[in-house]
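Novice: My questions will all concern the structure given below.
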Amino acid sequence: MTRCSPPPDIRRAMLDAAHALLDEGGMSALGLRAITRRAGVSATSGDPYFGNHAGVLAALAAEGYDALAEALERAGADARARGMAYLRFALARPAMFELMFRSDRLDRSNPALRAASERAFAALGMLAAEGSEHERALRATAAWGAVHGLATLAVDGRLERLREMADAPDLLTLVSEALGMWRLG
């Protein structure tokens, strides 16, 4: 009988498996056994890399925040374009979006997760250079709330009636027009 050897990069194999499981079955599919089985490694193989199941989820969410930051950075300096990049990310990866923003299963004190989420927030670029720190924080709160709220409503399928009322041809058009009405940044 031939034994299968574990993949050379166990950490990457486990994260790839977790990404696939998340995309296929949502957060409920992210059991540690399912991840290690999919990665072709033993249940304890990830301990040196992640510590535990929460560590795997934090690393997975950190990769999501990094991907969001990259999408926002590619969108350029325009606040509306950044908002649309945020929405496109949420619609393309709804389960990842849920893990990143709605999961109580994440250890938000995890250093890699904190760094990645801070990078994504910085990439939103919503803290304008002008004004006091207080004013910048207020503008960032309002702008992020608008963008995140629209993305959450879109992911949850709650904007279809409004899309029909606005006679928008698709969801992205509806949200783009809505963002155009809101002063972002």
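Derivation of every value follows stated rules applied to the coordinates shown; laboratory data play no part. Computed from a predicted structure; not experimentally measured. Backbone-built Cβ (ideal geometry, glycine too); neighbour counts: all protein chains shown.
Novice: Summing Lys, Arg as +1 and Asp, Glu as -1, what charge do residues with Cβ under 10 Å from the Cβ of R38 carry, R38 excluded?
Specialist: 0
Novice: Please work out the Cα center distance from region 142-184 to region 8-57, rounded to the nearest Å.
Specialist: Computed from Cα coordinates, the inter-centre distance equals 34 Å.
Novice: Across 10 Å bins from the origin, how do the percents of Cα pairs in region 76-185 run, short distances first?
Specialist: All Cα pairs, binned at 10 Å, distribute as 14, 42, 33, 11, 1 percent.
Novice: Still on this model: Sort 175-181, 43-49, 9-15 by the packing proxy (mean of other Cβ within 10 Å over each peptide's residues), most packed first.
Specialist: Order by mean packing, descending: 9-15, 175-181, 43-49.
Novice: Set the Förster radius R0 to 41 Å, insert the Cβ-Cβ distance between A81 and T44 as r into 1/(1 + (r/R0)^6), and round the FRET efficiency to 0.05.
Specialist: 0.35
Novice: A follow-up question, please. Placing unit charges on C-beta atoms (Lys and Arg positive, Asp and Glu negative, everything else neutral), compute the dipole magnitude of the chain about its Cα centre in debye, rounded to 20.
Specialist: So the magnitude is around 400 debye.
Novice: Related question: With the crude spin-label approximation of a point 7 Å out along Cα→Cβ, what separation in nm comes out for R161 versus R88?
Specialist: Between R161 and R88, the label points sit 3.0 nm apart.
Novice: Using Cα pairs closer than 8 Å and at least 6 residues apart in sequence, work out the relative contact order for region 44-150, in percent.
Specialist: The normalised contact order for region 44-150 reaches 34 percent.
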